[in-house]
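Okay, structure first, notes after.
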Amino acid sequence: MNNISSRGIRTVIAASSVGTLIEWYDFYIFGMLAKTISTQFFPEGNATAALLSTLAIFAAGFIVRPFGALVFGRLGDLIGRKYTFLVTLVLMGGSTFLIGLVPGYKSIGMAAPLLVLLLRLLQGLALGGEYGGAATYVAEYAPKGKRGYYTAWIQTTATLGLFVALGVIMLVKMNMTDSSFNAEWGGWRYPFWISILLVGVSIFIRMRMSESPLFSKLKAEGKTSKNPLKESFRNKANFKMVLLALFGAAMGQGVIWYTGQFYAQSFLETKCGIEFEQSRTIMLWGIAFATPFFLFFGWLSDKVGRKWIMLIGMLLGIVTYRPIFNFFLTESKVENQLLKDGKLALQPENAQIKKTDTLEKNGNLVFINHIETKEQFADGSAVTFQYRDTIVSNQGVLDLKTTVSSVPVAVNKHLTSATYWKFVALVFALILYVTMVYGPIAAFLVELFPTKIRYTSMSLPYHIGNGVFGGLVPFIGLLLTTSFPADALVGLWYPIGVASLCFVIGVVYLSNKIDENVTD
Amino acid sequence: MNTVKKLLGLVWLILAPAVIYFLVSGAITHIDPSGTKDINNPVVWIIIILIFTPIAIGLFIFGLYALKGEYAKLPSKSDELN
């Protein structure tokens with residue numbers, strides 16, 4: 001192998017990981033600020049803007065990421081790892097910064113959503129090219145017996161990127177009012193602008209790095225691939241392994257990864273109705289406690305092989321997802337303390353009219369009061385109910401007897417401290433599964449393919465698994481919830497099903513043997 | 001184990017067109033221009049069917065290889081793929 005000092009390998013890992021972390025951060029902030037972004041760039045009621053919004057959300061993840069894997073994977077195998085993942089970093093950082101500079105729809109009309117779509121697609125393209133380069137680069141420097149551990153540092157970046165994105169958005173949001181945050185040139189743009197500083201530092205570090213020693217050797221010997229796409233996907237022996245990597249590891253990893261980190265967060269916020277700060281800090285604590293396990297399982301995979309660690313992670317998800325999410329659902333029903341004879345007994349003195357809409361119907365004025373009532377409990381938990389009272393006036397006279405109240409919706413629930421920490425423990429468990437499937441997978445993919453087509457061959461299955469199978473978790477979840485509305489947990493059958501399929505394929509077809517020599 | 005690998009190949013062969021069938025029938029059932037959810041949006045379904053069709057073809061080929069016994073012995077080194 002190569003004779004790099006331990007200080008040298010630390011620099012290699014740091015240079016690769018920081019860049020990849022920033023790329024994930026850039027990719028996440030768009031998704032996390034989707035609501036504000038859609039108000040600024042994709043206004044409701046405009047069909048073209050709605051179409052562009054859909055493309056920005058779906059095409060960037062599903063089509064452009066695998067396409068980026070092919071484009072930049074090919075480049076990485078042709079001209080080298082170092083320059084390719086420098087390009088992806090510049091592309092990602094530049095696009096993110098520019099999204100923060102695009103004026104809103106109110107100022108420049110249709111040009112705003114078009115520009116944002118274009119920049120979002122560039123983000124997807126860059127992300128598709130980044131990961132394979134970083135993982136390959138580190139693996140090709142790593143000594144025998146430590147490849148899993150060293151590449152696991154790259155694996156921490158996807159979760160740490162989420163951590164940084166959550167933290168930055170929370171910090172900005174907590175230091176200003178909602179209206180200042182959501183204004184056209186408001187606080188929501190700061191996370192995009194911060195990116196350029198981070199990217200600048202990362203480019204500086206990466207510029208000083210040398211090309212991967214294995215790729216340099218191949219290049220010096222004139223043995224690099226002439227056509228990486230053809231050699232990856234039209235060479236039957238290699239294509240067989242690409243398919244096995246996708247169906248036996250990457251697709252299961254994708255759904256476990258997405259369910260643990262994103263579905264859980266959205267479930268706590270939307271299905272459980274937990275308030276913004278608590279739901280975000282539950283995730284932050286869970287991530288903070290679980291992240292070191294990426295390194296642990298990467299290290300362990302060097303000792304016992306990659307296969308079983310990844311498959312056990314999938315199996316744990318398959319077996320425990322429904323009980324864990326069911327616990328979230330039942331334990332967050334703090335409003336049950338108000339139930340009397342099966343009905344909610346709200347305290348009318350707490351009710352506040354937040355807004356009144358007036359409209360005319362059959363010559364009569366109709367008043368719709370949007371009401372909020374906050375209920376505080378002795379154990380420290382709290383809940384806010386939102387409902388509407390509709391009152392019809394008869395010939396200009398309000399008749400309160402006609403008042404019709406909508407069913408109260410419980411929102412902004414505040415959990416007791418004990419329940420909060422139970423939730424943190426369970427989110428930790430969900431992310432622990434992520435560390436099991438995700439920690440060893442870079443080393444697993446790197447070892448599967450030869451140096452000259454490694455970047456291309458490993459990038460595609462990874463991004464289909466992670467981007468397509470993982471990215472579809474909320475969509476299929478919604479599809480299942482719409483089809484079977486009685487079961488609030490029905491959306492989990494998609495990640496459970498995909499992980500089960502991947503588990504079976506992995507158990508039957510994958511080998512647990514580590515290929516110690518990646519110089520081929 | 002090799003018999004199991006081959007037999008399961010048949011399952012993957014059947015599963016691949018089944019996935020496409022379920023996606024297309026899901027699209028037909030849920031596309032609704034007056035709906036507001038993602039699952040009512042034809043563009044989303046077009047993107048998903050477009051991206052999933054080659055993946056399902058990949059699963060079909062994987063099943064075919066498995067059925068033919070191509071995964072009976074995996075390469076022990078990536079060098080064998082050169």
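The values are calculated or read from the model by the stated rules, or taken from the named source; none is laboratory data. Quick caveat, the model's predicted, so the values are computed rather than measured. Quick reminder, even Gly has a Cβ in these numbers, built from the backbone with ideal geometry, and neighbours come from all protein chains shown.
Would you mind finding the one in A:LEU51, A:LEU55, A:LEU21 that is of a type in the set (A, V, I, L, M), in contact (Cβ under 8 Å) with a residue 60 or more places away in the chain and within 14 Å of chain B (Cβ to nearest Cβ)?
A:LEU55 is the lone residue from the list that is of a type in the set (A, V, I, L, M), in contact (Cβ under 8 Å) with a residue 60 or more places away in the chain and within 14 Å of chain B (Cβ to nearest Cβ).
Inspect all residues belonging to segment B:3-14 and state whether any of them is at the interface with another protein chain (Cβ under 10 Å from one of its Cβ atoms), at pLDDT 85 or above and within 26 Å of A:SER483 (Cβ to Cβ).
yes
Yes or no, residue by residue, for (1) assigned to a helix (DSSP H, G or I); (2) surrounded by fewer than 24 Cβ atoms within 10 Å (Cβ to Cβ); (3) at pLDDT below 95:
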residue	(1), (2), (3)
A:THR224	no, yes, yes
A:LEU229	yes, yes, yes
A:SER232	yes, no, yes
A:GLY248	yes, no, no
A:MET251	yes, no, no
A:ILE256	yes, no, no
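Do the conditions hold for A:GLY497, that is, is it in a helix (DSSP H, G or I), in the same structural domain as A:SER225 (by TED's automatic domain parsing) and in contact (Cβ under 8 Å) with a residue 24 or more places away in the chain? Walk me through how you get there before you give the answer.
Working: in a helix (DSSP H, G or I): yes; in the same structural domain as A:SER225 (by TED's automatic domain parsing): yes; in contact (Cβ under 8 Å) with a residue 24 or more places away in the chain: no.
Against the criterion (in a helix (DSSP H, G or I), in the same structural domain as A:SER225 (by TED's automatic domain parsing) and in contact (Cβ under 8 Å) with a residue 24 or more places away in the chain), A:GLY497 does not qualify.
Being within 7 Å of chain A (Cβ to nearest Cβ) and assigned to a helix (DSSP H, G or I) is the filter; apply it to segment B:31-43 and report the residue that is modelled with the lowest pLDDT. Can you show your working first?
Initial filter on segment B:31-43 (within 7 Å of chain A (Cβ to nearest Cβ)): B:37-39, B:41, B:43.
Subset that is assigned to a helix (DSSP H, G or I): B:38-39, B:43.
On the way: B:ASP38: 78, B:ILE39: 84, B:VAL43: 85.
Here the answer is B:ASP38.
Can you tell me which condition A:THR291 does not meet? The list is (1) under 30 Å from A:VAL71 (Cβ atoms); (2) more than 14 Å from chain B (Cβ to nearest Cβ); (3) among the polar types (S, T, N, Q), and all the others hold.
It is condition (1) that A:THR291 fails.
Which residue pairs have Cβ atoms closer than 7 Å, lie 6 or more positions apart in sequence or on different chains, and pair a first residue in segment B:44-62 that is facing chain A (nearest Cβ under 7 Å) with a second residue that is surrounded by 17 or more Cβ atoms within 10 Å (Cβ to Cβ) and acidic (Asp, Glu)?
If the second residue must be surrounded by 17 or more Cβ atoms within 10 Å (Cβ to Cβ) and acidic (Asp, Glu), the pairs left are B:VAL44/B:ASP38.
Tell me the residue from A:LEU284, A:LEU311 that is touching a residue at least 24 places away in the same chain (Cβ under 8 Å), farther than 22 Å from A:ILE476 by Cβ and surrounded by 22 or more Cβ atoms within 10 Å (Cβ to Cβ), please.
Going through A:LEU284, A:LEU311 in turn, just one is touching a residue at least 24 places away in the same chain (Cβ under 8 Å), farther than 22 Å from A:ILE476 by Cβ and surrounded by 22 or more Cβ atoms within 10 Å (Cβ to Cβ): A:LEU311.
For segment A:333-350, what are the residues that are more than 37 Å from the chain's Cα centre (by Cα), surrounded by 13 or more Cβ atoms within 10 Å (Cβ to Cβ) and not in a helix (DSSP H, G or I)?
A:LEU346, the sole residue that qualifies.
B:SER78 passes all but one of (1) out of contact with any Leu (no Cβ under 9 Å at 6 or more places or on another chain); (2) at the interface with chain A (Cβ under 7 Å from one of its Cβ atoms); (3) modelled with pLDDT under 85; which number fails?
(1)
Would you pick out the residues in segment A:74-112 that are surrounded by 24 or more Cβ atoms within 10 Å (Cβ to Cβ) and either free of Cβ contacts under 8 Å to residues at least 60 places away in the same chain or in contact with a Ser or Thr (Cβ under 7 Å, 6 or more places away or on another chain) (or both)?
A:GLY76, A:ASP77, A:ARG81, A:LEU89, A:GLY93, A:THR96
Okay, residues lined up against (1) more than 25 Å from the chain's Cα centre (by Cα); (2) in a helix (DSSP H, G or I); (3) more than 14 Å from chain B (Cβ to nearest Cβ):
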position	(1), (2), (3)
A:GLY161	no, yes, yes
A:SER180	yes, yes, yes
A:ARG189	no, yes, yes
A:MET209	yes, no, yes
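Of the conditions (1) crowded, with 19+ Cβ neighbours inside 10 Å; (2) under 20 Å from the mean Cα position of the chain (by Cα), A:PHE289 satisfies every one except a single condition; which number is it?
All conditions pass for A:PHE289, except number (1).
Please state which one of A:PHE58, A:PHE72, A:PHE85, A:PHE62 is farther than 21 Å from B:ASN41 by Cβ and modelled with pLDDT under 90.
A:PHE85
Report yes if B:LYS68 is under 21 Å from the mean Cα position of the chain (by Cα), more than 7 Å from chain A (Cβ to nearest Cβ) and of a type in the set (D, E, K, R), otherwise no.
yes
It is to be established whether one or more residues within segment A:361-371 are assigned to a loop (DSSP other than H, G, I, E, B) and not aliphatic (A, V, I, L, M).
For segment A:361-371, residues assigned to a loop (DSSP other than H, G, I, E, B) and not aliphatic (A, V, I, L, M): present.
Of the numbered conditions (1) buried (at least 17 other Cβ atoms within 10 Å of the Cβ); (2) not in a loop (DSSP other than H, G, I, E, B), A:PHE204 satisfies every one except a single condition; which is it?
That leaves (1) as the condition not met.
Based on this model, can you work out whether A:ASP515 counts as at pLDDT below 90, within 11 Å of chain B (Cβ to nearest Cβ), in a loop (DSSP other than H, G, I, E, B) and crowded, with 20+ Cβ neighbours inside 10 Å?
The answer is yes for A:ASP515.
Can you tell me how many residues within segment A:235-284 are more than 12 Å from chain B (Cβ to nearest Cβ) and under 30 Å from B:PHE62 (Cβ atoms)?
The qualifying residues number 12.
Filter segment A:471-494 down to the residues that are among the β-branched types (Val, Ile, Thr) and either in contact (Cβ under 8 Å) with a residue 40 or more places away in the chain or away from chain B (no Cβ under 12 Å) (or both) and list them by number.
Those that are among the β-branched types (Val, Ile, Thr) and either in contact (Cβ under 8 Å) with a residue 40 or more places away in the chain or away from chain B (no Cβ under 12 Å) (or both): A:VAL473, A:VAL490.
Given the structure, is A:THR435 at pLDDT 95 or above, buried (at least 24 other Cβ atoms within 10 Å of the Cβ), in the same structural domain as A:TRP285 (by TED's automatic domain parsing) and assigned to a helix (DSSP H, G or I)? Lay out the reasoning, then the answer.
Values: at pLDDT 95 or above: yes; buried (at least 24 other Cβ atoms within 10 Å of the Cβ): yes; in the same structural domain as A:TRP285 (by TED's automatic domain parsing): yes; assigned to a helix (DSSP H, G or I): yes.
It is true that A:THR435 is at pLDDT 95 or above, buried (at least 24 other Cβ atoms within 10 Å of the Cβ), in the same structural domain as A:TRP285 (by TED's automatic domain parsing) and assigned to a helix (DSSP H, G or I).
Can you name the residue in segment A:461-470 that is farther than 15 Å from A:MET310 by Cα and surrounded by 24 or more Cβ atoms within 10 Å (Cβ to Cβ) and is also farthest from the other protein chains (Cβ to nearest Cβ) among such residues? Lay out the reasoning, then the answer.
Applying the first criterion (farther than 15 Å from A:MET310 by Cα) to segment A:461-470 yields A:461, A:463-464, A:467-470.
Cutting the leftovers down to surrounded by 24 or more Cβ atoms within 10 Å (Cβ to Cβ) gives us A:461, A:463-464, A:467, A:469-470.
Values: A:PRO461: 9, A:HIS463: 11, A:ILE464: 6, A:GLY467: 9, A:PHE469: 8, A:GLY470: 13 Å.
The residue in question is A:GLY470.
Which is of a type in the set (A, V, I, L, M, F, W, C), in contact with a Pro (Cβ under 9 Å, 6 or more places away or on another chain) and surrounded by fewer than 24 Cβ atoms within 10 Å (Cβ to Cβ), of A:PHE30, A:PHE67, A:PHE42?
Going through A:PHE30, A:PHE67, A:PHE42 in turn, the sole match is A:PHE42.
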